[in-house]
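This report refers to the structure that appears directly beneath it.
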Amino acid sequence: MDTYLYEKLPFLKCMDEVRRTEILDYLRTAPQWVLESIMVQQVKGETVLLREGGQRNMVYILAEGIAEAVDMRIYGMPFTFKQFHGMYAFGGMEVVLNIDMYMTTIKTVTDSTFIAIPGKVFEKWMHLDAEAFQREAKRNIYKLLEESRTNRLYLFLQGADRLALMLIKLYEDERAGDVLQFAYDRQQMSDTSGLSIKTVSRSIKKFSEENLISREGNRISIDRTQYEALKKTLSEKVSL
């Protein structure tokens, strides 16, 4: 199967081993008729991939790039509440829940690569493959549980502490190896954390001066030592 997938998904050859292994493992039990249906879609940054309420006709697996979940229900203004740096199947949760429409608007942040599977094909695969269905359900339930736990912590944290928590969770979810790297965008971090842009800028400067993060241009990186130090800054206030 791996040989076939390398031909079908040529970008796999250029990926880091961690991400490549994750994708291969995700598709490990997929039957041939699923593999034959998959397509590669290159999507430019700042593009709406799917809209809340739209018909669930495709499942998009994020292979490369960054995407974000956007809520449009609050005064009609876009509110980014989750970013995805690692592999994730958009539309997979709706299949598990047997919902025919997308429940969240998804937009790309950077130029991104997706593995697209027709919705009916993905749904049939999940219904016939108990292992794949359990894996997809477990992945989504775990994500929702972590988001719920994190949101409760956000209620009691302010300023730099709230941003520290966001960076800790980002490191745990999206790092490659022992290092997290991402583009620094004040507006996106403001939307995700619920803090003002001024507070985000002030906090990022503080973390950089204290060597809790590293900055180079518009890039931020956090290694294992810095991650542990960020956790220590919150240890007296919350239990992580």
Explain nothing, just compute: Karplus ³J(HN,Hα) = 6.51 cos²θ - 1.76 cosθ + 1.60, θ = phi - 60°, for every residue of the range 187-197 in order, whole Hz, x for Gly and Pro.
5, 5, 5, 5, 4, 5, 8, x, 9, 5, 4
Of the accessible area of the chain, computed with a 1.4 Å probe and all protein chains kept, carbon and sulfur make up a percent value of 52 percent
How tilted is helix 17-26 with respect to the longest principal axis of the chain? Cα atoms for both, answer in degrees (0 to 90, nearest 10).
50 degrees
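For every helix of n ≥ 4 consecutive DSSP H residues, a contribution of -39,500 (n - 2.57) applies; sum these over the chain, divide by its total residues, and give [θ] at 222 nm rounded to the nearest 500 deg cm²/dmol. Please list the in-between numbers first.
On the way: 10 runs with 111 residues, N = 240.
-14000 deg cm²/dmol, from helical runs alone.
What FRET efficiency would be calculated for the residue pair Leu155, Gln55, taking the C-beta separation as r and a Förster radius of 35 Å, to the nearest 0.05? Let's see the in-between values first.
Working: r = 35 Å, r/R0 = 1.00.
About 0.50, to the nearest 0.05.
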Stick to Cα atoms and the Kirkwood definition of Rh, then tell me Rg/Rh for the range 116-211.
1.12
Calculate the dipole size of the range 142-240 relative to its Cα centre from +1 charges on Lys and Arg beta carbons and -1 charges on Asp and Glu beta carbons; express the result in debye to the nearest 20.
300 debye
What spacing in nm lies between the two simple spin-label points modelled at Glu216 and Glu131, each 7 Å away from Cα in the Cβ direction?
4.0 nm
Accessible area of the chain divided out per residue, in Å², using a probe of 1.4 angstrom
53 Å²
Using alpha carbons only, how many degrees (0 to 90, rounded to 10) separate the axis of helix 159-174 from the longest principal axis of the chain?
30 degrees
Which value in nm describes the separation of the simple spin-label points at Thr47 and Asp16, placed 7 Å from the Cα toward the beta carbon?
2.4 nm
Met101-Asp2 pseudo-label distance in nm [points 7 Å out on the Cα-to-Cβ vector]:
4.4 nm
Compute a Gaussian network model of the chain, connecting alpha carbons closer than 10 Å, and tell me which residue from Leu35, Leu62, Leu180 fluctuates the most.
Leu35
Can you return the lysines within cross-link range of Lys206? Criterion is Cα-Cα under 20 Å, with same-chain partners fewer than 8 residues away left out.
Lys169, Lys198, Lys231, Lys232, Lys237
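Which whole-number percentage describes the relative contact order of the chain, with Cα contacts under 8 Å and a sequence gap of 6 or more?
Numbers: 339 pairs, mean separation 44.9, N = 240.
With pairs under 8 Å counted, the relative contact order is 19 percent.
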In degrees, nearest 10, range 0 to 90: what is the angle between the Cα axis of helix 119-128 and the longest Cα principal axis of the chain?
80 degrees
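The values are calculated or read from the model by the stated rules, or taken from the named source; none is laboratory data. As the structure is a computational prediction, the values presented were derived from the model and not from experiment. Cβ: placed from backbone, ideal geometry, glycine included. Neighbour counts: every protein chain shown. These accessible areas exclude ligands, DNA and RNA; they are computed on the full protein's heavy atoms, side chains included. Shrake-Rupley method; radii C 1.70, N 1.55, O 1.52, S 1.80 Å.
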